[in-house]
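Read the structure below first, then the notes.
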Amino acid sequence: MTQTNPYQPPKSEVADVGPTDESELASRWERLGGAIVDGLLVSAVIFPIMIATGYWKQAMSGIQPSFGVQLEYSLLGLVVFAVLQGYFLQKSGQTIGKKVAGTRIVSVDENRILPFWRLLAVRQLPVGVVSQIPVIGPILSFVEVLFVFRQDKRCVHDLIAGTKVIKATAAWKTQEEERDA
């Protein structure tokens with residue numbers, strides 16, 4: 001009779017199930033295309049509000065709106081973005097523009113779709129606030145997007161949030177899939 005050692009390691013092959021690194025980064029053109037579509041969508045909602053409230057007329061007449069008013073419209077833009085894009089970001093890590101461009105936002109280390117609140121609070125909000133700083137805000141916003149020309153194609157908002165933008169066909173998983181695993 002053969003005795004088995006209860007402390008010996010299993011003889012079957014065990015493969016860890018986890019994130020794959022099969023993700024292909026989105027091209028700079030794909031990222032730009034998605035951003036243009038998203039910008040046009042938000043603008044289609046914001047511009048009529050700006051015209052109806054007189055903000056647009058004041059801004060075009062050369063009168064600089066106060067910082068507080070500019071901040072209010074920036075927050076309105078963030079709310080419009082959240083309403084338009086929130087569901088899609090939560091479900092697939094894609095904005096409408098990213099769906100059109102065939103890309104998605106995932107965590108840089110695990111290819112996992114992040115919760116919407118984190119994308120909004122950590123990826124969108126800091127850059128939006130910095131862009132409102134008089135005089136240097138627009139310059140910083142321009143530099144922020146120029147980071148896309150780095151080898152890893154990650155802008156400053158990606159670096160802050162720990163995200164990357166990949167092709168939508170690449171490997172990714174939702175938090176629901178992780179919980180079910």
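The values are calculated or read from the model by the stated rules, or taken from the named source; none is laboratory data. Small disclaimer: the values here were computed from a predicted structure and weren't measured. Positions of Cβ are generated from backbone atoms using ideal geometry, with glycine treated the same way; all protein chains shown enter the neighbour counts.
Observations, loosely collected:
- Those residues of the range 156-181 which are at pLDDT below 80 and of a type in the set (A, V, I, L, M), in sequence order: A170, A171, A181
- Residue in the range 81-100 that is surrounded by 15 or more Cβ atoms within 10 Å (Cβ to Cβ) and over 26 Å from K153 (Cα atoms) present: no
- Of all residues in the range 112-155, exactly one satisfies the criterion of being touching a Pro at 6+ places or on another chain (Cβ under 9 Å) and either hydrophobic (A, V, I, L, M, F, W, C) or at pLDDT 90 or above (or both), namely R112.
- For the range 55-92, the tally of residues that are in contact with a Phe, Trp or Tyr (Cβ under 7 Å, 6 or more places away or on another chain) and assigned to a loop (DSSP other than H, G, I, E, B) stands at 1.
- Test for I133: is it assigned to a loop (DSSP other than H, G, I, E, B) and exposed (fewer than 12 other Cβ atoms within 10 Å of the Cβ): no
- Residue identified as out of contact with any helix residue (DSSP H, G or I) (no Cβ under 8 Å at 6 or more places or on another chain), exposed (fewer than 11 other Cβ atoms within 10 Å of the Cβ) and modelled with pLDDT of 80 or more among S27, S61, S43: S61
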